[in-house]
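The values are calculated or read from the model by the stated rules, or taken from the named source; none is laboratory data. Everything numeric here is computed off the predicted structure, so don't read it as measured data. Using ideal geometry, Cβ is built from the backbone for each residue, glycine included, and neighbour counts are taken over all protein chains shown.
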Amino acid sequence: MSMMSIRAATIKDREAIRLVEEHAFGQQAEAGLVDALVASGDSVLELVAEEDGQVVGHVLFSRLYVETNGHRHPAVALAPLAVEPSFHGTGIGGALVREAHLRLKQAGETLSIVLGEPAYYGRFGYSHARASAFQSDYQCEALQAQAWGEAPESGKLVYAPAFTSELAA
Ligand SMILES: CC(C)(COP(=O)(O)OP(=O)(O)OC[C@H]1O[C@@H](n2cnc3c(N)ncnc32)[C@H](O)[C@@H]1OP(=O)(O)O)[C@@H](O)C(=O)NCCC(=O)NCCS
């Protein structure tokens with residue numbers, strides 16, 4: 001019987017993570033984003049899912065700030081999330097997000113932001129309603145948030161620089 005396990009990513013996983021990202025998205029942009037976020041020190045949490053010792057899923061949360069009246073509230077941005085296509089629909093993506101949320105809450109994080117499909121991310125507690133007052137270049141229905149503690153309702157979302165340099169193309 002196959003066994004799925006989730007653990008923190010290590011330096012040895014870099015190539016496997018790159019492949020999962022490329023296979024899931026069918027392009028290299030997200031794999032490049034992951035490498036850039038890690039290299040710049042903006043990665044807050046990175047988990048991998050393994051099936052029988054093979055990395056088949058990956059999620060990264062990076063540092064994001066909400067700027068309000070001269071204050072910077074630290075938050076996290078969920079991106080990217082990737083599962084090897086042959087394993088889609090087996091619960092790996094959900095398991096990665098849920099485990100990451102537990103760890104982030106334990107670490108004292110209070111706000112998480114995602115830009116993605118509401119029908120998918122809604123099941124993990126994200127909503128556009130919680131994100132609708134934020135000022136962002138990505139402001140739209142797909143911009144969602146969830147708070148685990150006291151966190152700003154409005155303000156400007158400032159993503160790690162890698163989002164501009166790697167996804168601008
Ligand atoms: C999105 C993704 C990570 C989901 O991983 P997964 O392991 O297949 O997800 P799970 O098995 O935990 O959940 C499957 C459920 O999510 C739903 N789902 C998957 N992608 C979805 C999407 N884009 N929109 C709405 N629902 C989606 C499935 O329909 C399924 O629904 P069900 O539980 O009602 O049957 C995976 O499909 C993937 O890697 N996609 C390509 C990369 C991507 O789009 N990443 C997310 C954007 S950053």
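Checking the structure you have, find out if any residue of the stretch 3-26 is crowded, with 17+ Cβ neighbours inside 10 Å, assigned to a strand (DSSP E or B) and hydroxyl-bearing (Ser, Thr, Tyr).
No.
Give me the residue from the stretch 110-120 that is surrounded by 22 or more Cβ atoms within 10 Å (Cβ to Cβ) and more than 8 Å from the ligand (Cβ to nearest atom) and, out of that set, farthest from residue 54 (Cα to Cα). First the steps, then the outcome.
The first filter runs over the stretch 110-120 and keeps only residues surrounded by 22 or more Cβ atoms within 10 Å (Cβ to Cβ), leaving 111-114.
This time we only want the ones that are more than 8 Å from the ligand (Cβ to nearest atom), so: 111-113.
Details: 111: 31, 112: 28, 113: 29 Å.
Filtering first and then ranking leaves 111.
Of the conditions (1) touching a helix residue (DSSP H, G or I) at 6+ places or on another chain (Cβ under 7 Å); (2) at pLDDT 95 or above, residue 107 satisfies every one except a single condition; which number is it?
(1)
Tell me, yes or no, whether the stretch 30-41 has at least one residue that is part of a strand (DSSP E or B) and either within 13 Å of the ligand (Cβ to nearest atom) or touching a residue at least 60 places away in the same chain (Cβ under 8 Å) (or both). Lay out the reasoning, then the answer.
Initially, the stretch 30-41 is screened for residues part of a strand (DSSP E or B), giving none.
Scanning the stretch 30-41 turns up no residue that is part of a strand (DSSP E or B) and either within 13 Å of the ligand (Cβ to nearest atom) or touching a residue at least 60 places away in the same chain (Cβ under 8 Å) (or both).
Being under 16 Å from the mean Cα position of the chain (by Cα) and crowded, with 19+ Cβ neighbours inside 10 Å is the filter; apply it to the stretch 85-98 and report the residue that is farthest from residue 4 (Cα to Cα).
Filtering the stretch 85-98 down to residues under 16 Å from the mean Cα position of the chain (by Cα) leaves 92-98.
Keeping just the survivors that are crowded, with 19+ Cβ neighbours inside 10 Å gives 92-93, 96-97.
Working: 92: 8, 93: 12, 96: 11, 97: 14 Å.
Restricting to residues being under 16 Å from the mean Cα position of the chain (by Cα) and crowded, with 19+ Cβ neighbours inside 10 Å, the top hit is 97.
Take the residues in the stretch 69-96 that are part of a strand (DSSP E or B) and under 15 Å from residue 48 (Cα atoms); name whichever of them is farthest from the ligand (Cβ to nearest atom).
In the first step, residues of the stretch 69-96 are kept if they are part of a strand (DSSP E or B); the result is 71-83.
Remaining after also requiring under 15 Å from residue 48 (Cα atoms): 78-83.
Values: 78: 8, 79: 5, 80: 5, 81: 5, 82: 4, 83: 4 Å.
So the residue we want is 78.
Name the single residue, out of those in the stretch 131-169 being closer than 24 Å to residue 41 by Cα and part of a helix (DSSP H, G or I), that is modelled with the lowest pLDDT.
Of everything passing the filter in the stretch 131-169, 167 is modelled with the lowest pLDDT.
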